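Input: a single structure, listed below in structure tokens.
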Amino acid sequence: MDKKYKKLILSIILDVIGFIPFTDIVWAPLSAFLMTKMYKGKEGKIAGIISLIEEAIPFTDVIPTFTIMWFYSYVIKKEKVENVIKF
């Protein structure tokens, strides 16, 4: 499977984890960290901040931030594929 689509599947999984109620205190900073590792540069940092805010605000967990960022990166911007997550 193409790395781009592996990243999409991981993004969907991470969004589903964000839907779990009562995990926001732990998940908000973790999702921001993972977002900056999955998507590098200025866009990744901005997406990390958005992810942190979105997960911290009650009832906004339904926004699929990781999947939206994947769509922006690979459909709108047409970014080349990097590793799924680089630490």
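No value in this document is a laboratory result; all are computed from the given coordinates. None of the values given here were measured: they were computed from a predicted structure. Virtual Cβ from ideal backbone geometry, glycine too; neighbours counted across all protein chains shown.
Please report, in debye to the nearest 20, how large the charge dipole of the chain is about its Cα centre when each Lys and Arg carries +1 at its beta carbon and each Asp and Glu carries -1 there. Write out the running numbers ahead of the final one.
Values: 12 positive and 9 negative charges, 127 e Å.
My answer is approximately 600 debye.
Could you tell me whether the chain comes out rounded, prolate or oblate from its Cα gyration tensor? Rule is a ≥ b ≥ c as square roots of the eigenvalues, rounded for a/c under 1.5, then prolate if a/b exceeds b/c, otherwise oblate.
Here the chain falls in the prolate category.
Using 0.36 nm times the number of residues separating K45 and Y74, minus their current alpha carbon distance, what extension gain do you get?
Separation in residues times 0.36 nm, less the Cα-Cα distance, equals 8.8 nm.
Where a Cα-Cα gap under 17 Å defines reach, which aspartates and glutamates qualify for K77, not counting those fewer than 8 residues away within the same chain?
Cα-Cα hits under 17 Å: E43.
How high is the relative contact order of the chain, in percent, with contacts defined as C-alpha pairs under 8 Å that are six or more residues apart?
With pairs under 8 Å counted, the relative contact order is 38 percent.
Against the longest alpha carbon principal axis of the chain, how many degrees, from 0 to 90 and to the nearest 10, is the axis of helix 24-38 turned?
10 degrees
Residue by residue through segment 9-22, what is 3J(HN,Hα) from phi via Karplus (6.51 cos²θ - 1.76 cosθ + 1.60, θ = phi - 60°)? Round to whole Hz and write x for glycine and proline.
Here the 3J(HN,Hα) series is 4, 4, 4, 5, 4, 5, 5, 5, 4, x, 6, 5, x, 6 Hz.
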